[in-house]
Amino acid sequence: MFVDSREGARRYFLEVWRKLVEHAPLSPLEATIAQVIERHPEYHALLREGERALSQGFGGDEPAHNPFLHLGLHVALAEQIGADRPPGVRAIHARLCARSDAHAAEHRMIECLAEVLWQAQKSGRMPDEQAYLAALERIA
């Protein structure tokens, strides 16, 4: 999912929501996003707000408090698992899913992803894949 701003990302989610509600055709990426949205009914009221949702603040960038960030992390994780990038993430996902339901496993994984992304942003560097994989291994 390539967007150039927070508003662009939110608009993308809103467009997928619109297509989902209207049963419009979805691209493969949109289908992935739609699956993530469907698994989060707690955000459907927000998505129904449409344009009004674009300017809402959510008390920081914590994934637990920002629905768009939370959904975006799920999408990023789905793309990682699909591509097995970084190598090994798909196997870790499978191990976690074997012990609990997939959605709960993914929530644990996105906590690790969010931490690595936050550290990268804080340090001004690229995300550390090895640190990410190590964090995932600790929870697996």
Acute angle (nearest 10 degrees) that the helix 67-83 long axis makes with the longest principal axis of the chain, alpha-carbon atoms: 50
The range 1-43: equivalent-ellipsoid semi-axes (sqrt of 5 x gyration tensor eigenvalues, Cα, Å): 16, 12, 10
Kindly express, to the nearest 10 degrees and within the range 0 to 90, the angle between helix 89-99's C-alpha long axis and the longest C-alpha principal axis of the chain. 90
What span do the alpha-carbon atoms of the range 60-111 cover on each of the three principal axes, reported in whole Å from largest to smallest? 32, 22, 11
Accessible surface of the chain [probe 1.4 Å, protein heavy atoms]: carbon and sulfur percent: 55
Rounded to the nearest 20 debye, what is the charge dipole size of the chain about its Cα centre when +1 sits on each Lys and Arg Cβ and -1 on each Asp and Glu Cβ? 120
Spelling out what I want: for every residue of the range 45-50, take phi, set θ = phi - 60°, compute 6.51 cos²θ - 1.76 cosθ + 1.60 (Karplus), and round to whole Hz; glycine and proline get x. 4, 4, 5, 5, 5, x
Please give the calculated 222 nm ellipticity per residue for the chain, where each DSSP H segment of at least 4 residues contributes -39500 (n - 2.57) and the sum is spread over every residue; nearest 500 deg cm²/dmol? -21500 deg cm²/dmol
For the chain, find the longest principal axis of its Cα atoms and tell me its angle to the long axis of helix 6-22, 0 to 90°, nearest 10. 70
Roll a 1.4 Å probe over the protein chains and send me the accessible area per residue for the chain in Å². 58
FRET efficiency, GLN119 to SER27 (Cβ-Cβ, R0 25 Å, nearest 0.05): 0.20
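The values are calculated or read from the model by the stated rules, or taken from the named source; none is laboratory data. The model shown is predicted, which means the values in this text are computed figures rather than measured ones. Backbone-built Cβ (ideal geometry, glycine too); neighbour counts: all protein chains shown. The area values use the complete protein model at the heavy-atom level, side chains included, leaving out ligands, DNA and RNA. Shrake-Rupley method; radii C 1.70, N 1.55, O 1.52, S 1.80 Å.
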